[in-house]
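So the structure is just underneath, and the comments pick up after that.
What follows is calculated from the coordinates using simple rules that are stated; it is not laboratory data. Every value quoted in this text rests on a predicted model; they were computed, and no experiment measured them. Note that we place each Cβ from the backbone using ideal geometry, even for glycine, and neighbour counts take in every protein chain shown.
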Amino acid sequence: MIQLIVLLPLLAAAIAGLGNKALGKLPAKILTTGALFISCALSWPIFISFLTGEAQAHVTPLFTWIQSGSFDAQWALRVDAMTAVMLVVITSVSSLVHLYSWGYMDEEPDQPRFFAYLSLFTFAMLMLVTANNLLQMFFGWEGVGLASYLLIGFWFRKPSANAAAIKAFVVNRVGDLGFMMGIFGTYLVFNTISIPEILEMAPSMAGSTIGFLGARFDTMTVLCLLLFIGAMGKSAQLGLHTWLPDAMEGPTPVSALIHAATMVTAGVFMVCRLSPMFETSATALTVVTYVGAATCLFAATVGTVQTDIKRVIAYSTCSQLGYMFFAAGVGAYGAAMFHLFTHAFFKALLFLGAGSVIHAMHHEQDMRYYGGLRKSIPVTFWTMTLGTLAITGVGLPLVGIGFAGFYSKDGILEAAYAAGGAGTGAFIVGVFAALLTSFYSWRLVFLTFFGKPRWTQSEHIQHALHDAHGHGHDDHAHDAHGHDDHHGADAGDGTGGYHPHESPWVMLVPLIVLSLGAVFAGFLFHDQFIGSEGGIAFWNGAIAFDSHLMHAAHEVPTWVKFAPFTVMLTGLLVAWLSYIRNTDWPRRFVATFSGLYSFLLNKWYFDELYHFLFVKPAFAIGRFFWKFGDIGFIDRFGPNGLAALVVQGNKVTRRLQSGYLYTYALVMLIGLAAAATWAMTR
Amino acid sequence: MDGFPILSLMMAVPMAGAIACLFVGANSARWIALIATLVDFVLGMALWANFDQSGSGAQWQFQEYAPIFGKFAWALGIDGIALMLIALTVFMMPICIGASWNAINKRVGEYMAAFLFMEVLMIGVFTAQDLYLFYIMFEAGLIPMYLIIGIWGGADRIYASYKFFLYTLLGSVLMLIAMMWMVHEAGTTEIPVLMAYNFDPHVQTWLFLAFFASFAVKMPMWPVHTWLPDAHVQAPTAGSVILAGVLLKMGGYGFIRFSLPMFPEASASLAPLVWGLSMVAVVYTSLVALVQSDMKKLIAYSSVAHMAIVTVGLFAFNQAGIEGAMMVMLGHGLVAGALFLCVGVIYDRLHTREIARYGGLSINMPRYAVLFLFFTMASVGLPGTSNFVGEFLALMGIYQASTWVALVCTTGIILGAAYMLYLYRRICYGEQVNADAAAMPDLSGREIWLLAPIAAVVLWMGVYPESFLKPMRPDIRALEARLAPAAPEGDSKIKMGAPKPAGEAHHEEVSAPSHSASGEAH
């Protein structure tokens, strides 16, 4: 069964991708979407059987991959509680995104390619989460990287999309360098790359030291940190995060699937999967905590000032990944996985909702040109609101009932507080980031759905209106009709006569299904994921589940439980005041703190810094090596120098070749004498 | 292994074809060449099928021996390593002939003869069991390549062919002197005997350096690599394919057949030199590749970087490293060959290698874009393709010897991604800025037949490399055993710490079930 779940998407991708235009749009769509829905339908029973405790972890071997001496990497599909969680996340979101794309990508001529990429991505992601050894995980890791590259650059005519695609791949490769070195080191230490075997042996290596780059370090710290660099790349943690916001160049369904729900959580998955290994190095866990907390804060601050709706959600994703990492860092792997699980639903929902808004607003992504959309696209509005309620963690602290994010995020914060040490710092940062989360999430909702329409300033809307008048193009015949009716009549109210339409049902159904997840996922599953008793039974050794910590997290002081609740309300209030009540507040803020504002707007100048530090020097040094190394030095003194020498030498030898017989006779004689001497003396 | 002289036959078929090509018209020459190479391919596959893979140590198969004069003999025989390289050769040759089908119009007979003659010599290199026979084959390989570049090459072909010749000849003179000394010392020209002969470690250093001069140039290693970009740029497409695909592998084969087993002590003591040059090569040539505006030059420089992974793998002195090096050689032979074919496809249409003259080819050449993307990704070393297997094993091997070398060489995966994706973007993505490039037709049937088989093998090698690793395993294990006494110590030296305090008890439940425990499907 697991073979079917994993391989169906691959098969569909291969057929749709290779068939491409010969196959046609509709068959490609039916094939890929159908395959995903079957995978999804097969995945849920597996998850449920783990929830009820019936299922046991097991491995389905396929065949040998790479064997070299004692190194043995097999293709195999592992299913345990961790995998089961990821299976439902991946296949559910993926199948819904496939369906959603029927509507969102409807005008796209290149649809088979798009759907093939989506299915290919799903296959790679499934290979990642079913890996039983580090190398297969790396295969999936790189496979999702490839799919991400292809999908970010899907609109390959756009220079910005191409640049973003390359950036995503190359920055991820920096992380992969760490991952690969981590695999090399792990193999060297444990003589195996099989994950269960490594995890079993890891505690025995605690306290040992290893030589690395000429110095000596704690063995497990080196290994964990190397692997963590890989996780940082894939999960866009501070330092290696720069690719994620740019990845929004891809079509919005892609952002929902890859850059929110699944691929970017691979790093969290990896740390949790290897949690018994990370548990052996306190230093590594501290680093994970700090990096997670720093990312959480950084991304949240940047998210507060962005105006592109997708970029706000992208930074939000980055920030939420930070939560997951510091949860793992303090040892609350269950909480990390739980937030991964709930986040997948509400973040995919927010992205798909944003896509629906963008669809309605004729590809305009700038929230400054939105406003007042709640009446025109009510389903999108209500589902996005549910998503926002989920991400901001709305719920009643003492009663213990709330939206998905309420259970998972508060679980993380409580665990961080309970863990103490680095966790205390992470708790403070996390609470502050929750304030920012609430602020930017509601800011997004208010700017988009409330207030007065500000559509006329948008170039995209202008184009739409212009198109509608110039030539009612085929796909939009009914739209064009609408525009004609009202244009001119109500220009001046900010709409410019533009009428946003609610998206088709193929786009709304995924929104509604995901909002069910955003509402109920926390309530339904929190005991299994983070309950101090239920967790042991559910995880059953798949992660280093710390029952004591989870118990302590439940017993934290009441003010700790109320802290996220309070900041959530504060953030909502501030957003309401700034964007509904006193709409000139943001302008005044910008005027007063222009330095801070541009620092945030420019994303802490990471891109500029990296461009200056890495990109420009790489090209400059390359040019230098080429012009001065290869041409100016090696060639000049090597072959060309030799050739010049030969020419010089020829001038000398020419004199010997005089044409006179006696010169030749003399040379011959000397040669004979020399040969005879050599023969006699040896 | 007495019996049918299949190795001689594999050399005789292209030889006969080469002679025939000289006396017939252009079209007949093409067909003769194609048939001869296809026959050789079939013979090569038969060779593989009949190769006994069950051995546990180094073993020579299909041996032939016919004395010529003195110690010099027509001695042939192969082991698993040679078998794989022969398979690569006979696989790439028909593709080279196909790639030249329409592109070569002048002196077709001579051209095909040169290619077939080169196949004879390449198979000769990989099968020779006599030191001098190897030398003759190894050096004679220069001649057809020199002619191919010099006669059918681009505008600056004379300079390129001289440079190629000068570089490679210089090394070979030193190698010949070393060989004469070795024969004198050991009293035999038989390579298998020499591989087990223990030369005086002092002399080994000199012998190693003499061989190194030749192999490093062929490889090519930094800093004697500058002939390669020029040779590639000037060579016709098929010339580049065979150069990157097979000729570069002769250097690596030389290391694995001569330098390592014959001079193990010298190899070990000079390994830091090889590592140093390879580290420089990976970073240096990758950065140079990044700034190239000529497609062929870019891929040529990337070849130097990939070949550096081969040398670090070989000089890791362990099984993973050497197997990885072999896999990189095979994978790179296919992928770099295919990339040069991809360049050739668009060069044939627009007659320029200037990257900026293309753009947006995904729009008018979608099939081409798919295959080119596939080979780009293979070149980048994506798991599931041939190059990943090799690079991974080679780098893992070197990690056990030196973490520094592993770190520096692994940066190749970042830089490789940068220059290849940047190349792909400029050629296939973006808007169609050049009208003539936008008017180019997609791949013809012939071109698909050239590229698709390579793609299939690249995938096969990436997903189930066992087919390729298995025949080589006994021989590489024997080589590792030969090297073991001399192998340098790694820098990772683990020291166990104090036993863990009992505070970790609550993680006891973590012990996950063994992966072999239950194998049944869900």
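Cα gyration tensor of segment A:1-95, axes a ≥ b ≥ c as square roots of the eigenvalues: rounded (a/c below 1.5), prolate (a/b > b/c) or oblate?
Judged from the Cα gyration tensor, segment A:1-95 comes out oblate (a/c at least 1.5, b/c at or above a/b).
Nearest 0.05, what FRET efficiency do residue A:562 and residue A:590 give at R0 = 41 Å with Cβ-Cβ as r?
Plugging the Cβ-Cβ distance into 1/(1 + (r/R0)^6) gives 0.80.
What residues from segment B:288-308 fall in the zone where the backbone N is under 19 Å from a label point 7 Å along the Cα-to-C-beta line of residue A:635?
The answer is B:288-305, whose backbone nitrogens lie closer than 19 Å to the label point.
Take the Cα atoms of the protein assembly as shown, find their three principal axes, and give me the spread along each one in whole Å, biggest first.
112, 78, 55
Which of the three applies to chain A, rounded, prolate or oblate, going by the alpha-carbon gyration tensor with a ≥ b ≥ c and a/c under 1.5 meaning rounded?
Cα axes put chain A in the prolate bin.
Compute the distance from the alpha-carbon center of segment B:41-119 to that of segment A:408-471, in whole Å.
Value for the Cα centre distance between the two parts: 65 Å.
Express in whole angstrom the spacing between the alpha-carbon centres of segment B:353-393 and segment A:183-261.
Their Cα centres are 27 Å away from one another.
For segment B:244-263 and segment A:105-178, write down the distance between their C-alpha centroids in whole Å.
Using only Cα atoms to place each centre, the spacing works out to 37 Å.
Taking R0 as 25 Å, what's the FRET efficiency between residue B:173 and residue B:481 from their Cβ-Cβ distance, rounded to 0.05?
The pair residue B:173/residue B:481 has a calculated efficiency of 0.15.
Counting other beta carbons within 10 Å of each residue's own, what order do A:373, B:121, A:321, B:169 fall into, fewest first?
Placing the least packed residue first, the sequence is B:169, A:373, B:121, A:321.
So how far apart, in nm, are the two label points at residue B:155 and residue A:605 if each is 7 Å from Cα heading toward Cβ?
4.6 nm
Report the extension gain between residue B:28 and residue B:72 in nm, rounded to one decimal, defined as 0.36 nm multiplied by the number of residues separating them, less their alpha carbon distance.
So the extension gain works out to 12.1 nm.
Below 22 Å, Cα to Cα, which lysines can residue B:249 reach? Residues fewer than 8 away in the same chain don't count.
In chain and number order, the partners are B:163, B:218, B:296, B:297, B:470.
Order of A:611, A:343 from fewest to most other C-beta atoms within 10 Å?
Details: A:611 13, A:343 30.
By the 10 Å Cβ count, ascending, the order reads A:611, A:343.
For the residues A:72, B:40, A:80, what sequence is obtained by ranking on other C-beta atoms within 10 Å, fewest first?
The order, fewest Cβ neighbours first, is A:72, A:80, B:40.
With labels modelled as points extended 7 Å from the Cα through the Cβ direction, what inter-label distance (nm, one decimal) is found for residue B:452 paired with residue A:512?
4.6 nm
Roughly how many nanometres apart are two label points built 7 Å out from the Cα toward the Cβ at residue A:493 and residue A:18?
5.6 nm
Return the FRET efficiency for the residue pair residue B:180, residue B:269: r is the Cβ-Cβ distance, R0 is 25 Å, and the value is rounded to the nearest 0.05.
On the way: r = 24 Å, r/R0 = 0.94.
The value I calculate is 0.60.
Work out from phi, with θ = phi - 60° and the Karplus expression 6.51 cos²θ - 1.76 cosθ + 1.60, the ³J(HN,Hα) of each residue of segment B:225-233, listed in order in whole Hz, and give x for Gly and Pro.
9, 5, 6, 5, x, 5, 4, 5, 5
Once you have the Cα-Cα distance between residue A:54 and residue A:70, take 0.36 nm times their residue separation minus that, and quote the gain in nm to one decimal.
Extending this stretch completely gives an extra 2.2 nm.
Amide H neighbours of residue B:360 under 5 Å, counting only residues 5+ apart in sequence or on other chains, H built in-plane at 1.01 Å?
Amide H to amide H, under 5 Å and 5 or more residues apart or across chains, residue B:360 pairs with B:428, B:429, B:430.
Where the Cα atoms of segment B:6-486 are projected onto their three principal axes, how long is each span, largest first, in whole Å?
66, 55, 42
Over the Cα atoms of segment B:172-311, each weighted equally, I'd like the Debye log10 I(q)/I(0) at q = 0.10, 0.11, 0.18 Å⁻¹, rounded to two decimals.
Treating every Cα as an identical point scatterer, log10 I(q)/I(0) equals -0.37, -0.44, -0.96.
Mind jotting down the three principal axis lengths of segment B:1-68 based on Cα atoms? Whole angstrom, largest first.
Rounded to whole Å, the extents work out to 50, 30, 17 Å.
Gain in length, residue A:647 to residue A:467, computed as 0.36 nm per residue apart minus the alpha-carbon separation, to one decimal in nm?
57.6 nm
What are the ³J(HN,Hα) couplings of segment B:428-437, residue after residue, when phi is run through the Karplus curve with 6.51, -1.76, 1.60 and θ = phi - 60°? Round to Hz, x for glycine and proline.
Taking θ as phi minus 60°, the curve returns 9, 9, x, 7, 7, 8, 10, 4, 5, 5 Hz for segment B:428-437.
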